[in-house]
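Down below is the structure, laid out as structure tokens.
Values quoted throughout were computed directly from the atomic coordinates according to the rules given, and no laboratory measurement underlies them. The structure displayed is predicted, hence computed values, not measured ones. So basically every Cβ, Gly included, is an ideal-geometry build from the backbone, and we count neighbours across all protein chains shown.
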Amino acid sequence: MSYILNIETATKNCSVSLSNNGQTIACREIAEEGYSHAERLHVFIEELIVEAGIRFKDLVAVAVSQGPGSYTGLRIGVSAAKGLCFSLNIPLIAVDTLQILASQVSQTDGYIIPMLDARRMEVYSAVYNTNKQLTRAIKAEIIEETSFEELQGTVYFVGDCAEKCKTVLTKSNFVFIDEVKFPSAKDMSAFSFEKFQKHDTVDVAYFEPYYLKDFMVTTPKIK
């Protein structure tokens, strides 16, 4: 038995799953405007352990969605994952957030582009083929009419910024899958188990989320 706890908090979706040998056996998640991650995350973790009838010491690893995404959400998820790994003396596994999002698309042709909102017309994006292999690096980019025009075949877009991008990305081969908005921990199981088998882990002490952009703090104007 290889029980892995998977944590995904990079977006509005606070999501936790428990997997065994790469198969998701239970999941808890909720997507709220107010980002309730700090209140919900540890409750979800406890509930999954109880539901599965196991103990924390039965976990062989903890996997966390590493970003890009919400600065605060990523900090909460990574902090929780690190705390569990330290206390249980088990490895920490990092999984790409955009790969988790792209995995929800099951098409056999073209490309999959997961996009997460980075304010205004900027998004965090990457390009995957239908085998979920990365074909263009993850980056923060401003969406324009010419974005992704070099891609031939059907291009499937998923993520939480479809509404703002539909008015710009209007080419006939572009398809928006509206129902896929957020990455989910239930889709991390196969990735985290594969990394566990390969001993592809990160240093618990020094690992930091993949923010991609610096956290910007704005100060209010003095009246």
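Compute the separation of the alpha-carbon centres of the range 7-82 and the range 105-125 and state it in Å as a whole number.
So the separation of the two Cα centres works out to 23 Å.
What distance in nm separates the two pseudo spin-label positions at SER2 and ARG120, each 7 Å out from Cα along the beta-carbon direction?
Calculated label separation equals 4.5 nm.
Please give the calculated 222 nm ellipticity per residue for the chain, where each DSSP H segment of at least 4 residues contributes -39500 (n - 2.57) and the sum is spread over every residue; nearest 500 deg cm²/dmol?
On the way: 5 runs with 54 residues, N = 223.
Result for the chain: -7500 deg cm²/dmol, rounded to the nearest 500.
Take peptides 83-90, 197-204 and line them up by average Cβ neighbours within 10 Å, highest first, as a rough protection proxy.
Numbers: 83-90: 15.4, 197-204: 12.9.
Per-residue mean Cβ counts within 10 Å order the peptides as 83-90, 197-204.
Express the relative contact order of the range 1-127 as a whole percentage, based on alpha carbon pairs under 8 Å and six or more residues apart in sequence.
Numbers: 223 pairs, mean separation 28.8, N = 127.
Averaging sequence separation for qualifying contacts and normalising by length gives 23 percent for the range 1-127.
Quick one: if you stick a label point 7 Å off each Cα along the C-beta vector at PHE86 and ILE177, how many nm between them?
Each label point is offset 7 Å from its Cα along the Cβ direction, giving 3.8 nm.
Take the Cβ-Cβ distance between GLU47 and THR167 as r, set R0 to 41 Å, and report the resulting FRET efficiency rounded to the nearest 0.05. Don't jump to the answer; show the numbers that get you there.
Numbers: r = 40 Å, r/R0 = 0.99.
In this case the efficiency is close to 0.50.
Loop sites only, by DSSP: take the GluC sites (Glu not before Pro) in the chain that have at most 13 other C-beta atoms within 10 Å and name the longest stretch containing none of them.
Values: sites that count: GLU32, GLU33, GLU144, GLU145, GLU149, GLU150, GLU179.
Maximal segment without exposed cleavage sites: 34-143.
How much length is gained if the chain between ALA38 and TYR71 is pulled fully straight, taking 0.36 nm per residue apart and subtracting their Cα-Cα distance, in nm to one decimal?
Working: separation 33, 0.36 × 33 = 11.88 nm, distance 1.31 nm.
Stretched out fully, the ALA38 to TYR71 stretch lengthens by 10.6 nm.
Calculate I(q)/I(0) for the chain by the Debye formula, one identical point scatterer on each C-alpha and no solvent, and give its log10 at q = 0.12, 0.16 Å⁻¹ to two decimals.
Results for the chain at q = 0.12, 0.16 Å⁻¹ read -0.64, -1.06.
So how long is each side of the range 105-176 along the principal axes, counting just the alpha-carbon atoms, biggest first, in Å?
31, 24, 20
Between ASN131 and GLN23, take the C-beta separation as r, use R0 = 22 Å, and let me know the FRET efficiency to the nearest 0.05. Don't skip to the answer; put the middle values down first.
Details: r = 20 Å, r/R0 = 0.91.
Computed FRET efficiency for ASN131 and GLN23 comes out at 0.65.
Sorting LEU101, LEU18, LEU151 on the 10 Å Cβ count, fewest up front, what's the list?
Numbers: LEU101 31, LEU18 25, LEU151 17.
Placing the least packed residue first, the sequence is LEU151, LEU18, LEU101.
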